[in-house]
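Here's the structure we're looking at; comments come further down.
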Amino acid sequence: MSERDNTEKKQTDRWFNLFCAVMIVLLLLNTFVIKLAIVDGSSMYPTLHDNQLMLVFRPGYEPSQGDVVVIHTGKGVFNRDYIVKRVIATQGQSVTIDYDLDEVTVEDVTLPEPYLNFEEEDPMLPRDDRAVVHYTVPEGCVFVMGDNRNHSADSRSDKYGMIDANIIVGKVVLPVLP
């Protein structure tokens, strides 16, 4: 093997090793620190749009009222079902939804909700024949809702109900434009 071939091989090996190191670091970051996720659907419109890329912060996250979070709803290791919702209330808090007034109150304080989808005539249609609904969030859980209330399966639905805080992947820290 010529000296030139040997030098090229060493350079190729260096680039390959650098590529592998970068990929390992990115994989570890994605697994433990910050995750890339893609919005699937319109339940968070106008805050987030379908197919929009988001950065999700993971380590040591504790849910707080108003946070937009990614929630793992799948079963098993390979089921990657996720939803994106806004935390309305945390454990022990009471939530009242008044569909006639389009108001959500937590602990008797009406939430200011400028993020709702006001493009629709009524941004929050009732789910059944009740105009006012009350919930109490159990310990270890959160109550979540989508910003596009009429098109969101969230804690108001039987499908999800109260969300166990342990299945929250993390907080959306940076939505990236599509």
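The values are calculated or read from the model by the stated rules, or taken from the named source; none is laboratory data. Since this is a predicted model, take the numbers as computed values, not measurements. Virtual Cβ from ideal backbone geometry, glycine too; neighbours counted across all protein chains shown. Just the protein is used for accessible areas: all its heavy atoms, side chains included, with ligands, DNA and RNA removed. Shrake-Rupley method; radii C 1.70, N 1.55, O 1.52, S 1.80 Å.
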> Considering the stretch 74-178, what Rg and Dmax in Å follow from its alpha-carbon atoms?
Replying inline: 14.4, 42
> What does the highest-first list of 107-114, 143-150 look like by mean Cβ count within 10 Å?
Replying inline: 143-150, 107-114
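Return the carbon/sulfur percentage of the accessible area of the chain, one whole number, probe 1.4 Å, all protein chains in place. Don't jump to the answer; show the numbers that get you there.
Details: 6230 of 11010 Å².
Result for the chain: 57 percent of the exposed heavy-atom area is carbon or sulfur.
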> In whole Å, what is the distance between the alpha-carbon centres of the stretch 78-136 and the stretch 40-66?
Replying inline: 16
>> Mean-square fluctuation check for the chain, GNM, Cα pairs under 10 Å: which of Gln11, Gln91, Gln52 is largest?
In response: Gln11
>> Suppose only helical runs count, i.e. DSSP H with n ≥ 4. What mean residue ellipticity at 222 nm does that imply for the chain under -39500 (n - 2.57) per run, divided by all residues and rounded to the nearest 500 deg cm²/dmol?
In response: -6000 deg cm²/dmol
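Considering lysine pairs in the chain that are 8 or more places apart or on different chains, how many have Cα atoms under 15 Å apart?
Working: Lys35/Lys171; Lys75/Lys159; Lys85/Lys159; Lys85/Lys171.
Step by step, the pairs that qualify in the chain add up to 4.
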>> With the crude spin-label approximation of a point 7 Å out along Cα→Cβ, what separation in nm comes out for Ser2 versus Leu111?
In response: 7.0
> Over the Cα atoms of the chain, what Rg and Dmax result, in angstrom?
Replying inline: 21.8, 84
> Once amide H atoms are built 1.01 Å from N in the peptide plane, which residues 5 or more positions from Tyr82, or in another chain, come under 5 Å H to H?
Replying inline: Thr73
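Can you work out the accessible area per residue across the chain, with the rest of the protein chains kept in place, probe 1.4 Å, in square angstrom? Spell out each step's value before the answer.
Numbers: 11010 Å² over 178 residues.
So the chain comes to 62 Å² accessible per residue, rounded to a whole number.
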>> If I fit a long axis through the Cα atoms of helix 3-32 and take the longest principal axis of the Cα atoms of the chain, what angle between them do I get, 0 to 90°, rounded to 10?
In response: 20
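Given the peptides 122-130, 20-28, 93-101, arrange them by the average over their residues of other C-beta atoms within 10 Å, most packed first. Intermediate values should be presented prior to the final figure.
Working: 122-130: 12.6, 20-28: 10.1, 93-101: 15.8.
By packing density, highest mean first, the sequence is 93-101, 122-130, 20-28.
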